[in-house]
Each structure stands twice: as structure tokens, then as C-alpha cells.
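Taken together, the values in this text are just the output of simple stated rules run on the coordinates, not laboratory data. Note that the structure is a prediction, hence the values are computed from the model and not measured. Positions of Cβ are generated from backbone atoms using ideal geometry, with glycine treated the same way; all protein chains shown enter the neighbour counts.
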Amino acid sequence: MKKINWKKWAWITGTVYLILGMAFYFLQDAVLFHPVTLNREYSYNFPQPHQDISIPLNQDDTLNLVDFASTDSVTRGVVLYFHGNKKNISWYAKYIPHFTRHGYQVLMIDYPGFGKSTGQLTEQKLYDWALHVYRVAVKRFSQDSIIIYGKSMGTGIAAQLASVRSCKRLILETPYYDFPAVVSHYLPVYPVRWMLHYELPTHEYLQRVSAPVTIFHGTSDWIVPYKNAKRLQPLLKPADELITIQGGSHNNLYDYPQLVQHLDTLLAR
């Protein structure tokens, strides 16, 4: 029997490990984010009443958002909606009626490089843009009429904003403990905490949120595993809540009456 050359295989394994690690380090934005860009002249064709707004921030950065109007007879407040890591506003607009039918306007932004927003994506810029949208909202609404909502990637952004500004409620759909916790789930053999350009430590921000907090998470979520929500649960205040959707996955929680009914109750208050 031919003797196995362990040194050779160890060298090959080590080389592949380093190459894949370097590839992830330098290409992590392409791995983590999946935006679809749109021409600035593109016209959204949403059935809901809306206004497309572009805000030039500097020579390179333009923040694009869509302002969805309330479809109720009375406008009760505004929801600042921070979406996930894929496509653009058009992908998430299907959730808007859940808020507008209860008398809430919705301001939904696209991150740098998503949709019609331009600029280089950085963690600090995500926070800065969220704060900019909050300032837009507070010109029209009192702080106790502002709900901050984050979905998936947007949960860390929403939690950070709620930790530095007052709001009526913070709602997090499928939140992560932090970005390294999610990536480590897929790359357990790499020191991802040292490799990532993004931390988005939801767990740190959540401890500084004074507003009521609601978390929705499904037990069959394989993108941001449910254990992330369970790690966040001890950080919640006594009146905060974790709503567990049995069997729910990452992108289908609105198919469950449990979520829709609970959200309806929150928005009716």
C-alpha cells in the first residue's frame, strides 16, 4: 500500500485555506451584499401611493428613499424601514401595506450601491444615513410617533439608530447578534471577527434602547439562525418581547398569522 504523504496534504490544505480566506477578505462585500442598482431615471411602479426622493449628500453619495403614504384616513405616525442585504426597495415594498393600512407612512431607504443610492458602502455610513432619515422624519412627526423597523441586515442599523434617538418602538425581524456571529455560522474554521469589515453589534445597541422592543424570529431560519434571537433575549427589558414563529424561515414570516396579528396589534396602539 502506498504511504500517504501527510506533509504534502497538509501543505495543500493550508494553501487552500489561505487562498479561500484571502478571497473572502478581499471580496467580502460581494459575498455579503447583493444589491441591484437602478438608473436614476428609473420610475418605481408601486401600487401604493408613494414619492421617490433622492437626497444628494456630497459629490459621491446620493441617498435615495421612497416615502409611502398612509392609506388610512388618518396618519398616525411613520415607520423607518431598514431592509435586508439584497436587491433594493422594490424587493421589500410588498411589506408596506402592513403598515400603511394602519395609518403609518413608511420611509424606506436604499443603502449605498443599492437601487438609486450611490456611494461606497461602509458600516459608519449605514449609521449616518439612518440618522439622516430620522432627521427627515422628525421634521414631520414627534419622536413618539416614529417606529424604527429593521429586517435581517437592517436590524443592526435599526438597533443602532434606536440606541441614539428616541422612538415609539423598535421592531426587529430576524435579527443577528452581530455580523461575525452570522458569518461564523458559514465559515466556522476562519477567524471572521478579525477578517470582517463590518461588525454591526446589535447586542451592544440593544442594551441602550429605551423604547419598547419587539423581535420576530423563525425557528427554521437558516440564514440568520434562531439562536441569534435567543442570544439577544437576555438583553431585553422586562416589557420587551421575543415572538417565536415555529417553523418560520428567513423570508416567509409574513405568511404566518401569528406575526401579522401581533404586528396589527402593535400598530393599532
Fill in the blank from the handout: Amide H neighbours of PHE82 at under 5 Å, excluding residues fewer than 5 places away on the same chain, with H built from the backbone geometry, are TYR149, GLY150, LYS151
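Provide VAL182, VAL79, VAL138, VAL16 in ascending order of the number of other Cβ atoms located within 10 Å of each residue's Cβ, fewest first.
Numbers: VAL182 20, VAL79 26, VAL138 16, VAL16 10.
Exposure proxy ranking, most exposed first: VAL16, VAL138, VAL182, VAL79.
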Handout entry: Helix-only [θ]222 nm of the chain, DSSP H runs n ≥ 4, -39500 (n - 2.57) each, per residue, nearest 500
Key = -10500 deg cm²/dmol
Handout entry: Dipole of the chain, positive direction: furthest Cα of PRO191, THR37, VAL133, with charges on the beta-carbon
Key = PRO191
Completion exercise
The distance between the Cα centres of the stretch 221-269 and the stretch 1-39, in whole Å, is 35 Å
Practice task
Rounded to whole Hz and in sequence order, give me ³J(HN,Hα) for the stretch 91-104 from the Karplus expression 6.51 cos²θ - 1.76 cosθ + 1.60, θ = phi - 60°, writing x for Gly and Pro.
Solution key: 6, 9, 5, 5, 8, 4, x, 4, 9, 5, 5, 9, x, 10
Handout entry: Most to least packed among 186-194, 163-171, 7-15 [average Cβ atoms within 10 Å]
Key = 163-171, 186-194, 7-15
Problem - Coordinate range along principal axes, alpha carbons of the stretch 228-267, Å, largest first - result: 28, 23, 13
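Hey, what did the stretch 33-163 get for relative contact order, percent, Cα under 8 Å, at least 6 apart?
Reported relative contact order: 30 percent.
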Exercise for the section: State to the nearest 20 debye the size of the charge dipole of the chain about its Cα centre, where the only charges are +1 on K and R beta carbons and -1 on D and E beta carbons. Expected result: 720 debye
Handout entry: Lys, Arg +1 and Asp, Glu -1 on Cβ, resulting dipole of the stretch 26-142 about Cα centre, debye, nearest 20
Key = 360 debye
Problem - Built amide H within the under 5 Å cut-off of GLY77, gap 5+ - result: GLN105
Handout entry: Kirkwood hydrodynamic radius of the stretch 168-232, from inverse mean 1/r over distinct Cα pairs, in Å
Key = 12.6 Å
Practice task
In whole angstrom, note down how far apart the Cα centers of the stretch 105-156 and the stretch 170-205 are.
Solution key: 20 Å
Handout entry: Cα-based radius of gyration of the stretch 1-122 once divided by 2.2 N^0.38 Å, which approximates compact folds
Key = 1.64
Practice task
From the C-alpha gyration tensor of the chain, pull out the three semi-axes of the equivalent ellipsoid (sqrt of 5λ each), sorted largest to smallest, in whole Å.
Solution key: 36, 23, 17
Exercise for the section: For the chain, return all DSSP H helices satisfying: extent of Cα atoms along own axis at least 15 Å; mean Kyte-Doolittle hydropathy at least 0.0. Expected result: 6-32, 154-164, 257-268
Handout entry: the chain, relative contact order [Cα under 8 Å, separation at least 6], %
Key = 14 percent
Handout entry: Loop sites in the stretch 90-153: trypsin sites (Lys or Arg not before Pro), DSSP, at most 11 other Cβ within 10 Å
Key = LYS139
